[in-house]
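Right, one structure below, let's go through it.
The values are calculated or read from the model by the stated rules, or taken from the named source; none is laboratory data. On a predicted model such as this, the values are computed, not experimentally measured, just so you know. Neighbour counts are summed over all protein chains in view; Cβ atoms, including those assigned to glycine, are modelled from backbone coordinates with ideal geometry.
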Amino acid sequence: MEKKWWHSSVVYQIYPRSFADSNNDGIGDLPGIISKLDYLQTLGIDVIWLSPVYQSPNDDNGYDISDYQNIMAEFGTMADMDQLIAEAKKRNIQIVMDLVVNHTSDEHAWFVEARKSKDNEYRDYYIWRDPAQDGSVPNALGSTFSGPAWQFDETTGQYFLHIFSKRQPDLNWENSKVRQEVYDMMNFWLEKGIGGFRMDVIDLIGKLPDECITGNGPKLHDYLQEMYTASFGNYDVLTVGETWGATPEIAKLYSNPARNELSMVFQFEHIGLDEQPGKSKWDLRPLQLSELKAVFNKWQTQLDGQGWNSLFWNNHDLPRIVSRWGNDTTYRVESAKMLATLLHGMQGTPYIYQGEEIGMTNVKFATIEEYDDIETRNMYAERIEQGYTNDEIMTSIYAKGRDNARTPMQWDTSVHGGFTEGTPWLAMNPNFTEINVEQALADKNSIFYHYQRLIALRKQHQCIVYGTFTMLDETNEHVFAYLREYEDETILVVCNFTDHETTFTFEQASDVEYGTIMIANYTTAPAITQTMTLRPYEAIMYNIKNLSAEHVVTTKE
C-alpha cells in the first residue's frame, strides 16, 4: 500500500460550541479554537476535525446547514475561519471540515425555493412524495430522531423526506445538479487549504426511499467515485466517511486506494456491543470483552493492505469512554490510559475527542430539562408515553446521552472551568475543579502526557502504523493483548480491562530475547514472563525481539 501522510497522523475532534469561548457569550467559537492551537501542538496531533461551523439555525447543533459557504455568527466570521486554517498550518496541523450533504436545513435557500411550488426549479433538489391513498405518510420509513421520516408540507400537498429532524430535509442525490452543487462547494473549501472532510452519514446519500433503503444504496459508490474525481481526488487530503452499517467488505469498497473513493471510514460495530441486540442504543447490557476483541480482530486483519481503519472510542455523538468501559472513579486515570494504549497501538488513524486526553467523564444532570440534545429529549418524551419511569430513562441517558460528550471543555478551576466567563450554553460537568487541562499539564503522570507519548510513538515506529495484527487469547474476558509486526520489529500490547488484579499467560515468553517497555500506565511494569500479573487496568506496550506472529499460538480452541 502506498504510504500516505494521514497513515501516521492523529486527529483531534473539536466540537466548537463546547471548546473555548473567546467573547464570553457562553458559546465556543473560532477565535477560541485559535487561542488553543499551541495546546494542541503540545499534545502532538496533526489534524483537527472541526464539527460543523457553517451557517445554521441550530436545530441539530449545526448539522442542519442553511449556507455551506458562510460561518455561523455565533462561531465567528469567514475571516476567523481563514485565520484558523492559516494558524493551524503554521503548527503543521490540518483542518478537516465536517461535510453534511445527506440533508440541509429547511432554511437553506434551496429548500425555501423548493417548497414554494411543484414546478420550482429547486423542487427536485429534495425528495417529495404524494400522500398514501388514505392521506397518510408515503411509506413506513422512520426518522432516526423518532417518528416518521416524512413531513407533510401544506403549500404543495406533498410530503418531504427527512431521515433526521423535520428541519433537516434530505437532498435528492439522484439529481445531477445537486451533486454538482455539492462538488463546487467542496472545492470552495479545498481551495481555502483545508486538509479534507469528515463525511456525515455519507452512506445514506444513495438511498432509495420508495424501497425503504437508506444505507448502502446501489448508487452510493458511483456517487463517491464521481465526488472523488470532481473534488478531493485532486488534492492530497484526508477523507473519512461516517458509515454506521459498514462491514469490512463494505469498508474495502470505500477505502481501498485502487477504487478512488475515501481514505477511510468510521465503522461503529464495536460501539453497539453494550446494547441489547435488536433494540435501541438506550437498552443497555454489559460489555463482553471477548466480543470487543472479536470486532477489533476482524477489522484489523481484514482491512490490512486492502483499506484503512479509523480508530476511535469517542465523538460528539457518543458517551465518554472512561465512563462507558473504564472506571471513572477509583481508577479513572489508569483506565483512561489503558483504553488509550489499547486503541493507539493498532493499525489505523486514531481520533481523540476533545477532553478525552484529560479523562473527562459523563455528566449526570438531575432533570431532562437540563439536557439540550434533540435525540435525548425526543427519546425521553417517547419513553414516558410508553410507560418507562423517569429513573429508568435517566439511567439510559447517563450512560448513552449525546450531551455526555458536549459539556464544555474543562480548562482550569476558574469559573465555568475557564471555558467562558459568561453562562455556558450547556452546563459544565461539576467535576471540572478536579479534572481540567491546567491540572493535567502540571502532572507529569497525567492522562494528557500518556496521550502525548502514544502520539510520539506512532511517529517513531512504522510497526505501529503498518504492522500486521495478531490477537492473543481471544476468549480471555479480562485481558486484551495483541502483537504488531513489521519488518524486523515486533510490539506486544497487554491491557487488563478490569478493576482487579488478573494474570495473563503468554506461552511464547521463552521465545522473547528481551522486551523493552515503550509505554506503561503505572510507574513500574512487569517483565515479560509466561505468567504475567497485571494490576487493575494495567496497560503495557513492549518492543520485543526474536518473536514473530508465526510463532504465536493463542489459547483459542
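For the range 256-283, a residue qualifies if it is part of a helix (DSSP H, G or I), over 19 Å from the mean Cα position of the chain (by Cα) and closer than 27 Å to H478 by Cβ, but none of them does. Scanning the range 107-116 for residues that are in a loop (DSSP other than H, G, I, E, B) and of a type outside the set (D, E) turns up H108, R115, K116.
Here the range 395-424 is the region considered, the condition is being part of a helix (DSSP H, G or I) and among the hydroxyl-bearing types (S, T, Y), and the residue that is surrounded by the most Cβ atoms within 10 Å (Cβ to Cβ) is S396. Selection of the range 63-106 for residues being part of a strand (DSSP E or B) and polar (S, T, N, Q) yields Q69, N70, Q94. Are any residues in the range 11-54 part of a loop (DSSP other than H, G, I, E, B) and among the charged types (D, E, K, R), and if so, which ones? Correct list: D21, D25, D29, K36, D46. The helices (runs of 4 or more DSSP H) found entirely in the range 284-394 that carry 3 or more residues being of a type outside the set (A, V, I, L, M) and in contact (Cβ under 8 Å) with a residue 60 or more places away in the chain are 289-302, 332-344, 374-385. Summed over the range 233-255, residues that are part of a loop (DSSP other than H, G, I, E, B) and at pLDDT below 95 total 5. Being farther than 16 Å from T247 by Cβ, surrounded by 23 or more Cβ atoms within 10 Å (Cβ to Cβ), touching a helix residue (DSSP H, G or I) at 6+ places or on another chain (Cβ under 9 Å) and of a type in the set (S, T, Y) is a description that does not apply to S323.
Of the strands (runs of 3 or more DSSP E) lying entirely inside the range 449-557, those carrying at least 2 residues that are out of contact with any Lys or Arg (no Cβ under 9 Å at 6 or more places or on another chain) and touching a residue at least 24 places away in the same chain (Cβ under 8 Å) are 479-486, 489-496, 502-505, 531-534, 539-544. The one condition from (1) farther than 27 Å from V47 by Cα; (2) surrounded by fewer than 19 Cβ atoms within 10 Å (Cβ to Cβ) that L441 does not meet is (1). Looking at I435, I464, I368, I455, just one residue is within 21 Å of H316 (Cα to Cα) and either buried (at least 18 other Cβ atoms within 10 Å of the Cβ) or touching a Leu at 6+ places or on another chain (Cβ under 9 Å) (or both), and that residue is I435. Taking F145 as the residue in question, decide whether it is in contact (Cβ under 8 Å) with a residue 24 or more places away in the chain, closer than 30 Å to G401 by Cβ and more than 25 Å from the chain's Cα centre (by Cα). Criteria not met by F145. Restricting attention to the range 86-117, which residues are out of contact with any strand residue (DSSP E or B) (no Cβ under 7 Å at 6 or more places or on another chain), basic (K, R) and in contact (Cβ under 8 Å) with a residue 12 or more places away in the chain? Across the range 86-117, the qualifying residues are K89, R91, K116.
The single residue among D60, D119 that is part of a loop (DSSP other than H, G, I, E, B) and within 27 Å of the chain's Cα centre (by Cα) turns out to be D60. The set of residues from the range 294-314 being surrounded by 16 or more Cβ atoms within 10 Å (Cβ to Cβ) and either within 12 Å of the chain's Cα centre (by Cα) or of a type in the set (G, A, S) (or both) comprises A294, G307, S310, L311, F312, W313, N314. Taking the conditions exactly as written (among the acidic types (D, E) and within 15 Å of E538 (Cβ to Cβ)), does D499 satisfy them or not? It is true that D499 is among the acidic types (D, E) and within 15 Å of E538 (Cβ to Cβ). Answer with yes or no whether F188 is touching a residue at least 60 places away in the same chain (Cβ under 8 Å) and surrounded by fewer than 20 Cβ atoms within 10 Å (Cβ to Cβ). Here the answer is yes, as F188 does meet what is asked.
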